[in-house]
Protein chains: 2
Amino acid sequence: MDDIPSSLQKIIQSKKSIKEIGIDKDLAKFGDTVTNFIYSLAKSVVLGKLDQRKVSRTILSTALKQSKMKIYAKTRSDAHGLADTAEALIGYMYCIGWSLESMAEILIEILKNYNLNDFKIEKLGAIQAFTHILTKIKNYLLTIFPS
Amino acid sequence: MDDIPSSLQKIIQSKKSIKEIGIDKDLAKFGDTVTNFIYSLAKSVVLGKLDQRKVSRTILSTALKQSKMKIYAKTRSDAHGLADTAEALIGYMYCIGWSLESMAEILIEILKNYNLNDFKIEKLGAIQAFTHILTKIKNYLLTIFPS
């Protein structure tokens with residue numbers, strides 16, 4: 001059996017465009033776990049206390065729109081579909097070698113400026129943090145899949 | 001702000017015994033995300049297809065008993081409490097520097113011998129895989145916290 005990085009590379013090697021990544025259901029499911037982990041890790045580090053948080057579809061769908069990546073979702077997607085696309089893109093980055101810790105660091109850059117003990121402010125911070133990472137992902141993927 | 005490894009070290013540095021780790025609620029919550037991620041990753045690699053799976057409390061509580069680590073849970077814990085202890089221990093290992101990929105590799109050693117497309121067989125495999133990693137965790141922690 002291949003090691004983990006080679007296995008993941010093989011699994012996602014067929015992808016030929018950012019849109020193909022954005023609408024992949026398996027990537028969305030796997031990416032959901034990645035997304036929750038990197039956010040829980042980032043929040044724990046900022047708070048100095050272990051925490052766990054499921055990232056809501058409102059946060060992810062808003063961040064996808066703000067990062068101008070709605071074009072990579074299915075046409076006429078609702079918030080659920082847009083969140084799936086955000087998760088698929090994040091899951092893909094893990095598969096091509098971005099570490100979870102490096103992705104959490106990107107979220108931390110933004111989250112550290114917000115009071116995460118206040119639920120409403122945390123939501124705003126999370127939207128900005130995911131907009132930030134999705135924008136970085138877009139810039140990176142456009143170098144691999146020039147449109 | 002500290003980097004991620006230093007922050008996590010600081011957060012868990014007060015732990016003085018395996019039991020103290022096993023009954024920590026924050027570690028259990030954080031460890032839940034770690035556990036689901038390492039299992040989803042391991043299963044994806046074995047199947048050669050991305051997957052996502054929430055690990056059930058039956059799997060984790062049975063594995064905790066089989067690895068003879070029930071003594072690190074609260075006395076008179078039910079399956080839910082025992083699963084929390086398994087998750088807390090797994091979460092702790094990530095905090096002290098075991099990578100998620102190395103933990104997934106330990107699960108893969110066992111899971112690769114099971115047909116994960118069959119739900120019942122997968123459950124048996126998952127119990128053995130978590131028994132395997134918890135036993136390794138116990139052996140490691142006993143070198144840090146000799147009883």
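Read-outs throughout are calculated quantities, based only on the coordinates presented, and are distinct from any laboratory measurement. Keep in mind it's a predicted model, so treat the numbers as computed, not measured. All Cβ positions, glycine included, derive from the backbone under ideal geometry; neighbour counts span all protein chains shown.
If I go through region A:94-147 residue by residue, how many of them are within 13 Å of chain B (Cβ to nearest Cβ) and assigned to a helix (DSSP H, G or I)? Adding up the residues that qualify gives 14.
Exactly one residue out of B:14, B:40 is of a type in the set (S, T, N, Q) and assigned to a helix (DSSP H, G or I): that is B:40.
For residue A:2, the conditions (1) free of Cβ contacts under 8 Å to residues at least 24 places away in the same chain; (2) more than 8 Å from chain B (Cβ to nearest Cβ) are fulfilled apart from (2). Mind listing whichever residues of region A:5-24 are more than 9 Å from chain B (Cβ to nearest Cβ) and basic (Lys, Arg)? Those that are more than 9 Å from chain B (Cβ to nearest Cβ) and basic (Lys, Arg): A:15, A:16, A:19. Is one or more of the residues making up region B:14-32 closer than 25 Å to residue A:3 by Cβ and either buried (at least 22 other Cβ atoms within 10 Å of the Cβ) or among the hydrophobic types (A, V, I, L, M, F, W, C) (or both)? There is at least one residue in region B:14-32 that is closer than 25 Å to residue A:3 by Cβ and either buried (at least 22 other Cβ atoms within 10 Å of the Cβ) or among the hydrophobic types (A, V, I, L, M, F, W, C) (or both). Please work out if residue A:50 is assigned to a helix (DSSP H, G or I) and either buried (at least 19 other Cβ atoms within 10 Å of the Cβ) or more than 9 Å from chain B (Cβ to nearest Cβ) (or both). No; evaluated as a whole, the condition is false for this residue. Just so you know, in region B:90-111 the residues that are touching a Gly at 6+ places or on another chain (Cβ under 6 Å) and within 24 Å of residue A:45 (Cα to Cα) include one that is surrounded by the fewest Cβ atoms within 10 Å (Cβ to Cβ), and it is B:91. Confirm whether residue B:44 is polar (S, T, N, Q) and either over 14 Å from the mean Cα position of the chain (by Cα) or surrounded by 19 or more Cβ atoms within 10 Å (Cβ to Cβ) (or both). Considered against the rule, which asks whether it is polar (S, T, N, Q) and either over 14 Å from the mean Cα position of the chain (by Cα) or surrounded by 19 or more Cβ atoms within 10 Å (Cβ to Cβ) (or both), residue B:44 comes out as yes.
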